[in-house]
Amino acid sequence: MSKTIIITGVAGFLGSHLAAALLQTPGTSVIGLDNLSTGKLENIQALLQLPSFRFIPYDVANPDVLHICGTAPIHEIYHLASPASPKFYQAAPFDTISVNIDGTKNMLELARRTGAKLLYTSTSEAYGDPEVHPQDEAYRGNVNTWGPRACYDEAKRMGEVLCYLYFSAYHVPVKVARIFNTYSAGLRNDDGRVISNFVTQALAGQDLTVYGDGTQTRSFCYVTDTVRGLMLMMEKEEANGEMINIGNPIEYRILDVAHLVKQLAASGSRITYHPLPQDDPKVRRPVIEKAKRLLGWEPKVTLEQGLQHTISSYRAKSITS
Ligand code: NAD
Ligand code: UDP
């Protein structure tokens, strides 16, 4: 059966990987929307050659977005548009709020009008600096409205509220993925998130910049695992009206990640310590029982394997560019 899928944020890290994966299925067409604020055309260069892929440079927070996708039936909407790196969302807090609130409402409205299913990429940041560890979906979080992360965390939470309302009031088949730190090649070198920083620094022989004492933890999921989780959520009816953690439940201290990157990249870089950003969550690890039960999903790629791929790709890119 032929299928038309919209991906917002298609030129970003996750969006470009997701589009490439979806276009593997014959009969699938993807319409990608992106305002290129943090994404890059380079990420979708190969896709732009495909007749099954159409790119529309557009701000999804603009209500006119409802009219620009044409009249073709739309079957699925993956709404990913939003800066995700603290560096970028803190540099554009109002745009971050707007894309997650106005943009999400626009996409939900498009889903309601076309009968499409919609998946919204929320975040582990919805748990804030968690007081319950590890985090399952029933935990309501510990988010600060009065600080530099609030524009992202609270906007994502409001995006979830809109999803809930469209599901309960209009019966739109909505799914919310709470994604935990995902990485791989494809993250911009200047993305600012920890894996792109450490890998870029290790390969350039620069200091690896650990914030705080490095005892804070994160759980890192390789992009192919995350993308497979998102596709399963879209596919499974059991995920309608559900909020599901998508992440790797193996937790690492950031300092240990720095040592691992150094070792795998055979880098002589030093590790240096810098102030911990305000409200930086101290721990983060998903409970993924719900994803296992409803989707039959769990991650397959270990951090060591994923970092090896990531380091090789960054190395190859730095040689060719
Ligand atoms: P990214 O910054 O690489 O990609 C986001 C894309 O959205 C970019 O291409 C950007 O140009 C686009 N965009 C931003 N505002 C837009 C707007 N108003 N209109 C159209 N396009 C717009 O980030 P990513 O890592 O690929 O994250 C994708 C989604 O997944 C985000 O919603 C993010 O919050 C969520 N998420 C990601 C992670 C992760 O670890 N990567 C973790 C949790 C949640
Ligand atoms: N971090 C770090 N050095 C860096 C970048 C990030 O020590 O160069 C830390 C950051 O303080 C946080 C963790 O790594 O504790 C993950 O940060 P990232 O920005 O990747 O994502 P977050 O999970 O905080 O949104």
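Considering the stretch 12-21, the residues that are within 15 Å of T121 (Cβ to Cβ) and of a type outside the set (F, W, Y) include one that is nearest to the chain's Cα centre (by Cα), namely L14. Given the structure, is Q201 touching a strand residue (DSSP E or B) at 6+ places or on another chain (Cβ under 6 Å) and in the same structural domain as A265 (by TED's automatic domain parsing)? Considered against the rule, which asks whether it is touching a strand residue (DSSP E or B) at 6+ places or on another chain (Cβ under 6 Å) and in the same structural domain as A265 (by TED's automatic domain parsing), Q201 comes out as yes.
Taking the listed residues N106, N100, N62, the one that is at pLDDT 95 or above and within 16 Å of ligand 2 (Cβ to nearest atom) is N100, with no other qualifying. Considering only the stretch 183-191, I want to know if a residue exists there that is at pLDDT 95 or above, in contact with a Cys (Cβ under 8 Å, 6 or more places away or on another chain) and surrounded by 19 or more Cβ atoms within 10 Å (Cβ to Cβ). Yes: the stretch 183-191 contains one or more residues that are at pLDDT 95 or above, in contact with a Cys (Cβ under 8 Å, 6 or more places away or on another chain) and surrounded by 19 or more Cβ atoms within 10 Å (Cβ to Cβ).
Beta carbons closer than 9 Å, at least 6 apart along the sequence or on distinct chains, pair a first residue in the stretch 280-300 that is over 28 Å from L255 (Cα atoms) and touching a residue at least 24 places away in the same chain (Cβ under 8 Å) with a second that is assigned to a loop (DSSP other than H, G, I, E, B) and within 16 Å of ligand 2 (Cβ to nearest atom) for A291/G247. The single residue among A81, A72 that is touching an Asp or Glu at 6+ places or on another chain (Cβ under 8 Å), closer than 24 Å to A111 by Cβ and more than 16 Å from ligand 2 (Cβ to nearest atom) turns out to be A81.
Taken over the stretch 22-34, residues that are more than 15 Å from the chain's Cα centre (by Cα) and either touching a residue at least 60 places away in the same chain (Cβ under 8 Å) or crowded, with 20+ Cβ neighbours inside 10 Å (or both) amount to 5. Looking at the stretch 75-82, can you tell me whether even one residue there is part of a loop (DSSP other than H, G, I, E, B), more than 13 Å from ligand 1 (Cβ to nearest atom) and under 23 Å from L162 (Cβ atoms)? Among the residues of the stretch 75-82, at least one is part of a loop (DSSP other than H, G, I, E, B), more than 13 Å from ligand 1 (Cβ to nearest atom) and under 23 Å from L162 (Cβ atoms), which makes the answer yes. Looking only at the stretch 118-148, filter to residues that are surrounded by fewer than 19 Cβ atoms within 10 Å (Cβ to Cβ) and polar (S, T, N, Q); which one of those is farthest from ligand 2 (Cβ to nearest atom)? Among those residues, the one meeting the criterion is T145.
The values are calculated or read from the model by the stated rules, or taken from the named source; none is laboratory data. Keep in mind that this is a model prediction, so the values were computed, not measured. A quick note on method: Cβ atoms are made from the backbone with ideal geometry, for glycine too, and the neighbour counts reach across all protein chains shown.
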